[in-house]
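S.K.: First the structure, which I've put down as structure tokens, then a few questions once you've had a look.
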Amino acid sequence: MTDALRPGQTIGILGGGQLGRMLAVAASRLGLHCHVYDPAEGGPAAEVAARATCAAWDDEAALRAFAEAVDVVTYEFENVPAESLDLIEAIVPIRPNRRALAVSQDRLDEKDFLRDLGLATAPYATVDDAASLDAALERIGTPAILKTRRFGYDGKGQARIMAASDAAAALAEMNGAPAILEGFVEFSHEVSVIGARGTGGAVACFDPGENRHEGGILRETTVPARLSAAQRTDAVLLAAKILTELDYVGVLGVELFVTASGLVVNEIAPRVHNSGHWTQDGCLIDQFEQHIRAVAGWPLGDGARHSDVVMENLIGDDVDRIPEIAGTQAAIHLYGKAEARAGRKMGHVNRLTGPAR
Ligand code: AMP
């Protein structure tokens, strides 16, 4: 462990949202400091981090000063411009590595990567204009979903195509951005695996959770997920395959569709993941500590689950229910956001529903 960080050293975090906040809290428990870099002032992470830089992604002087002040850099936000990362990486290592980021930033590269690994995905085709959309629909059929290749999250940048007559409207929603068409996967439910890989190549995965979305936003994660023993093993093995192939260091989220013919990978996220928040109260070592351990070059912890858990996201004015929730047996995690806008993730609660089954 020659390159392991010692307590008192500093992890730089790109992005200052709730994921950065929970990473900073986990790091502080291990005696490590965090320095958050975010263009927005006063975000959830800055409040709990040892240091914060508020500067634009293209502010070279600020990026350089940040990189020089930290011992390793990680990120909670995937859309940091490549040029900013180049500048940082010339000074200090970035974990997870650039390839992991590049693959997950672009839905086409991501699908190609997964296919080349031999993993099942929705059928897909690249779409740049009306002619390529027609060709893609010809091959894939309907129903299908048109998605922007980059910068999509929580169901944004997506349009469903139920019949060929929806094609023009769906393409207009892409606003000229490069897109991919995905065939609609007939799934019974959605699950995700949160996996981690350390600098030495060790892999540890948390038990898969079952996810319920509303309006494209994660509403609830339940562990254990409804999966057979074989599916559970498949889920963990495929996450390990992705982690190893990417020479990954840190925590990765893999979203899966459960279908009659097996697990189909929807997408991967090169970071701690909302569907892994249950680990904070269901495991001795949660996803945030696991990520910090990996990035710091420490051995991974044992992520075994001690309890069954239901994690509920508090979205928009759900947060008004806090006084009532506080009177129940629920672990409350709020992100310190001042304004409860519609669709905004304000916090989450974990309820333990019994000893691990
Ligand atoms: P995404 O942003 O790609 O994770 O998509 C958001 C949600 O849309 C997913 O969690 C699914 O519920 C649904 N979805 C996305 N892609 C597909 C697909 N190819 N087939 C069926 N449902 C999908």
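Each reported figure results from applying straightforward, stated rules to the coordinates on display, with no laboratory input. Because the structure is a prediction, the values reported are computed rather than measured. Using ideal geometry, Cβ is built from the backbone for each residue, glycine included, and neighbour counts are taken over all protein chains shown.
S.K.: Taking K and R as +1 and D and E as -1, what net charge do the other residues with C-beta under 14 Å from the C-beta of residue 29 add up to?
M.R.: 0
S.K.: What's the extension gain from residue 132 to residue 261 if we count 0.36 nm per residue and subtract their Cα-Cα distance?
M.R.: Length gained between residue 132 and residue 261: 43.5 nm.
S.K.: Applying 1/(1 + (r/R0)^6) with R0 = 45 Å to the Cβ-Cβ distance of residue 163 and residue 202, what FRET efficiency is obtained, to the nearest 0.05?
M.R.: 0.35
S.K.: Mind ranking 337-343, 251-257 by how tightly packed they are, going by the mean number of other C-beta atoms within 10 angstrom, highest first?
M.R.: Ranked from most to least packed, the peptides come out as 251-257, 337-343.
S.K.: OK, next. Where the centre of each part is set by its Cα atoms, how far does the stretch 37-83 sit from the stretch 86-140, in angstrom?
M.R.: Comparing the Cα centres of the stretch 37-83 and the stretch 86-140, I get a distance of 25 Å.
S.K.: For the chain, what is the number of Lys pairs with C-alpha distance below 21 angstrom, counting only pairs 8 or more positions apart or on separate chains?
M.R.: 6
S.K.: What number comes out for the charge environment of residue 355, summing +1 per Lys or Arg and -1 per Asp or Glu over other residues with Cβ under 15 Å away?
M.R.: Net of charged neighbours comes to 0.
S.K.: Arrange the following residues from fewest to most other Cβ atoms within 10 Å of their Cβ: 147, 345.
M.R.: If I rank by nearby Cβ atoms, fewest first, I get 345, 147.
S.K.: I've got another one for you. Provide 268, 285 in ascending order of the number of other Cβ atoms located within 10 Å of each residue's Cβ, fewest first.
M.R.: The most exposed by this proxy come first: 285, 268.
S.K.: How would you order 204-213, 41-50 from highest to lowest mean count of nearby Cβ atoms within 10 Å?
M.R.: 204-213, 41-50
S.K.: Mind checking which helices in the chain clear 20 Å along their axis (Cα) and have mean Kyte-Doolittle hydropathy of 0.0 or more, DSSP H runs only?
M.R.: Membrane-span-like by this rule: 229-245.
S.K.: Could you work out how much longer the chain between residue 87 and residue 212 gets when fully extended? Use 0.36 nm per residue separation minus the Cα distance between them, nm to one decimal.
M.R.: 41.1 nm
S.K.: Let me ask something else. Hey, can you rank 26-32, 289-295 by average C-beta count inside 10 Å, highest first?
M.R.: The packing order, highest mean first, is 289-295, 26-32.
S.K.: Please compute the contact order of the chain in relative form: average sequence separation of alpha-carbon pairs under 8 Å and at least six residues apart, divided by the residue count, as a percent.
M.R.: Taking the mean separation of contacting Cα pairs over the length of the chain, I get 15 percent.
S.K.: Report P(r) for the chain: all Cα-Cα distances, bin width 10 Å, range 0 to the bin holding the largest distance, values in whole percent.
M.R.: 5, 24, 33, 26, 10, 1, 0
S.K.: Among 174, 311, which comes first, second and so on when ranked by fewest other beta-carbon atoms within 10 Å?
M.R.: Starting with the residue having the fewest Cβ neighbours, the order is 174, 311.
S.K.: Rounded, prolate or oblate: which fits the stretch 177-216, taking a ≥ b ≥ c as square roots of the Cα gyration tensor eigenvalues, rounded meaning a/c under 1.5, else prolate when a/b beats b/c?
M.R.: oblate
S.K.: For a quick check, take a GNM of the chain with Cα springs below 10 Å and name the residue from 139, 150, 107 with the largest mean-square fluctuation.
M.R.: 139
S.K.: Let's see if you can work this out: charge +1 on each Lys and Arg Cβ, -1 on each Asp and Glu Cβ, no other charges. What is the dipole magnitude of the chain about its Cα centre, in debye to the nearest 20?
M.R.: 820
S.K.: Please work out the Cα center distance from the stretch 268-287 to the stretch 160-200, rounded to the nearest Å.
M.R.: If you average the Cα positions of each part, the centres end up 23 Å apart.
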